[in-house]
1. Could you run the Karplus curve 6.51 cos²θ - 1.76 cosθ + 1.60 with θ = phi - 60° over segment 26-43 and give me ³J(HN,Hα) per residue in whole Hz, x for Gly and Pro?
2. Run through the DSSP bridge list for the chain and note the antiparallel percent, rounded to the nearest 5.
3. Express as a percent, rounded to the nearest 5, the fraction of DSSP beta bridges in segment 1-126 (both residues included) that run antiparallel.
4. Sort out for me the Cα centre separation of segment 78-103 from segment 176-193, rounded to whole Å.
5. Considering only the other residues whose Cβ falls under 11 Å of the Cβ of residue 284, what net charge follows from Lys and Arg at +1 and Asp and Glu at -1?
6. Determine how large the accessible area of residue 57 is when every protein chain is in place; take a 1.4 Å probe and give Å² rounded to the nearest 10.
7. Given the pairs 12/113; 12/288; 66/218; 264/288; 31/278; 218/278, which are separated by over 26 angstrom at their Cα positions?
8. Convert each backbone phi in segment 121-133 into a coupling constant with the Karplus relation 6.51 cos²θ - 1.76 cosθ + 1.60 (shift: θ = phi - 60°), then list the ³J(HN,Hα) values in order as whole Hz, x for Gly and Pro.
Amino acid sequence: MQRITAHLWFDKEAKEAAGLYTSIFKNSKIKNTAILNNTPSGAVDLLTIELMGQEFRLINAGPLFKFTPAVSFLVACETKDEVDPLWSELSKGGSALMELGEYPFSQRYGWTKDRYGLSWQLMFMGEREIKQTVTPTLMFVGQQCGRAEEAVNFYSSVFHDAKVDHILRYGPGEEPDQAGTIRHASISLEGENFALMDSARAHNFTFNEAISFMVHCKTQEEIDYFWAKLSADPKAEQCGWLKDKFGLSWQIVPTAMDEMLQDKNEAALARVTEAFLKMKKFDIAKLKDAYGRDRSAA
């Protein structure tokens, strides 16, 4: 099981987006779906999809949060011919952040927001090794600009299986970016690759809850550990969600919840939903108790 999973918050387009993404990316599929009732957002659709080997979770939960380019997804392409059809589909109804074309770092590259506002970078990799086909890219802007290296060090200290692949820095004369800050860094956390970058240019966005990262934990001890290490804003703690010191959202979730949320027993699912909506940090024992309580008779 993928240890860290990107979680995408939609207003009501999660099913439509899942269908689009799995239709245009090769070797992709919708793995499972579920519906949670009686949440603050009403009935909520949950979907798990796989895009070229990478798992994503999608949710329909109302218009509370909007995607921003502070988190984008870099799609590594083996050939130039792979880039164009993906660009055609993903840019349809969206807007280009960097037009499709040739750049010093790639002979075929483009950065676009799709029709739902989610940001994608499509890149022909040339001779570079493709270690992961879809890579989350974190852009540190505004008050967070200049903290990408701090984030690299912090995340590498929190996650047990962490590796820094490379760090490229801005040089003198590249204002407004300060020399020495991060142009691009690549790290691996629990086997999942992430990219980080600073940008001192004027941006009217930053990290928010529209994109979070789920850390799947087998034990309560793991939940307690990641919660203590990552949570930096008590006001943001709710239903397994937290924000770290950079404002990035994480969900610390027990793997046992996957089985619970896929159960077709509506009474058991309702009890689990009622239980976790009252929690900040998840308590596995209480979730299992709610799930199993009189379940055979439900």
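The values are calculated or read from the model by the stated rules, or taken from the named source; none is laboratory data. Fair warning: this is a prediction, and the values are worked out from it, not measured in the lab. Please note: Cβ atoms are built from the backbone with ideal geometry, for glycine as well, and neighbour counts cover all protein chains shown. To get the accessible areas, we keep the full protein, side chains included, count just its heavy atoms, and leave off ligands, DNA and RNA. Shrake-Rupley method; radii C 1.70, N 1.55, O 1.52, S 1.80 Å.
1. Couplings: 5, 6, 10, 6, 8, 7, 6, 9, 7, 10, 9, 9, 6, 9, x, 9, x, 6 Hz.
2. Among the beta bridges of the chain, antiparallel pairing accounts for roughly 70 percent.
3. Values: 24 of 35 bridges.
For segment 1-126, the DSSP antiparallel bridge percentage is about 70.
4. Rounded to whole Å, the Cα centres lie 23 Å apart.
5. Within the 11 Å Cβ shell, the charges total -1.
6. 30
7. Working: 12/113 18 Å; 12/288 29 Å; 66/218 31 Å; 264/288 16 Å; 31/278 28 Å; 218/278 21 Å.
Cα-Cα > 26 Å for 12/288; 66/218; 31/278; rest within.
8. Per-residue couplings from phi come out as 10, 10, 9, 6, 8, x, 8, 6, 5, 9, 8, 8, 6 Hz.
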